[in-house]
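Novice: Have a look at the structure that comes next, please.
The values are calculated or read from the model by the stated rules, or taken from the named source; none is laboratory data. These numbers were taken from a predicted model, which means no experiment stands behind them. Virtual Cβ from ideal backbone geometry, glycine too; neighbours counted across all protein chains shown. For the accessible areas, the whole protein counts, side chains as well, though only heavy atoms, and no ligand, DNA or RNA atoms are used. Shrake-Rupley method; radii C 1.70, N 1.55, O 1.52, S 1.80 Å.
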Amino acid sequence: MFCSFFTTPTRYRYYALASLCLFISQPAMAQSMITLHANGTSDAALTLHYAEPVRLAQVVSDSLKQRTSTETPYWLGSSLRSTHEPETKQALINQLTLLSQQHRDDATVSNSFANTAQWLQQHIKTQRLPVAIDIDKVRLKKIDNPLLKGNYQLTLAARPTSIIIIGAIEKPQQLDWQPRMAAKNYLDQVTPIDIAANSYVTVIQPDGVIQQHPIAYWNNNHNDIAPGAIIYLGYQSVFHDYRDLNHDISSMLINRTL
């Protein structure tokens, strides 16, 4: 096995990858190539080449050596991704665009659907794979240390200082993260639209874990929100059933990269 590093071209053309093949051992014939964002920034990418399939622990160990930052990576927000967009992304954006057009008589609701679609278009670029990026975890358990074959993107994230609120507000907003602040308190800083859900929000933690957090007076229960999380305020209406839409949007938000 060998590993080499060089600057990634700006317009590198990636090959498609079947993400679920991640956990299956493959013959040691094809190379593995990892596009690495060692410091959590997209403007300083490196490419790691391996002559044969390689374990995730080896890749993370090699990646740590490329960091110039002295801070420990934000493991909770670090991610391994395929090199292609989620298959359902464009269909979801088309659906939101259609809903925006259908609600042209209510500018606030129309803008909410349109701005959510635009945010997804701009910020969801690749499909996140269901593995934890933590050097201690991947070293200790084989199930957390899959064999990688093919092309991937790896980000060792920097710890963020903000969270995102998106969904049934006029446009997505970035707010300062505050320790021990609950979802309801973050929502007090924005203006929900008329068809916003009022009992629960969906929180996508930086590691991709999806949680339901209460926001009503009758179900008040504190849940921590980590730096870099997304709060998704769902759409709710007596005239429309947006359950599938809310599920599709929150599932797509897992793929956001810090």
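Novice: Below 8 Å, C-alpha to C-alpha, sequence gap of six or more: please give me the relative contact order for segment 162-217 in percent.
Specialist: Here the relative contact order equals 28 percent.
Novice: Taking the simple approach of a point 7 Å from Cα along Cα-to-Cβ for both Asn223 and Glu71, what is their distance in nm?
Specialist: With each label placed 7 Å out from Cα toward Cβ, I get 2.6 nm.
Novice: A further question on this structure: Give the value in nm², to one decimal: projected area of the alpha carbon convex hull of the chain, averaged over all directions.
Specialist: About 14.9 nm², averaged over all directions.
Novice: Next up: Show me, for segment 169-183, the HN-Hα J-couplings you get by feeding each phi into the Karplus relation (A = 6.51, B = -1.76, C = 1.60, θ = phi - 60°), rounded to Hz, glycine and proline as x.
Specialist: Listing the rounded values in order: 10, 5, 8, x, 10, 9, 10, 5, 6, 10, x, 6, 7, 8, 4 Hz.
Novice: Farthest toward the dipole's positive end in the chain, which of Asn111, Ala44, Leu98, given Cβ charges of +1 (Lys, Arg) and -1 (Asp, Glu) about the Cα centre?
Specialist: Ranked along the dipole, the leading option is Ala44.
Novice: Could I have the simple spin-label model distance between Ala91 and Ser199, label points 7 Å from Cα toward Cβ, reported in nm to one decimal?
Specialist: Calculated label separation equals 2.8 nm.
Novice: Now for a separate question. So which trypsin sites (Lys or Arg not before Pro) in segment 33-82 end up in coil per DSSP with only 13 or fewer other C-beta atoms within 10 Å?
Specialist: Lys65
Novice: Roughly speaking, to the nearest percent, how much of segment 60-114's 1.4 Å accessible area is carbon and sulfur?
Specialist: 46
Novice: Right, here's the next one. Probe of 1.4 angstrom, ligands and nucleic acids ignored: what's the accessible area per residue over the chain, in square angstrom?
Specialist: Per residue, the chain has an accessible area of 53 Å².
Novice: Efficiency by 1/(1 + (r/R0)^6): what FRET value for Asn111 and His49, r their Cβ-Cβ distance, R0 = 45 Å, to the nearest 0.05?
Specialist: 0.50
Novice: Using the reciprocal of the averaged 1/r over all distinct C-alpha pairs, how large is the Kirkwood radius of segment 107-258 in Å?
Specialist: 16.7
Novice: Near Lys137, which aspartates and glutamates are there with a Cα under 16 Å away, not counting those fewer than 8 places off in the same chain?
Specialist: Output for Lys137: Asp62, Asp207.
Novice: Can you tally the net charge around Ser79? Count Lys and Arg as +1, Asp and Glu as -1, for every other residue whose Cβ sits under 12 Å from the Cβ of Ser79.
Specialist: +2
Novice: Inverting the mean 1/r over all pairs of different Cα atoms, compute the Kirkwood radius of segment 126-198 and quote it in Å.
Specialist: Here the Kirkwood hydrodynamic radius works out to 15.9 Å.
Novice: In addition: At 222 nm, what helix-only mean residue ellipticity would the chain give, in deg cm²/dmol to the nearest 500, using -39500 (n - 2.57) for each DSSP H run of four or more?
Specialist: -7000 deg cm²/dmol
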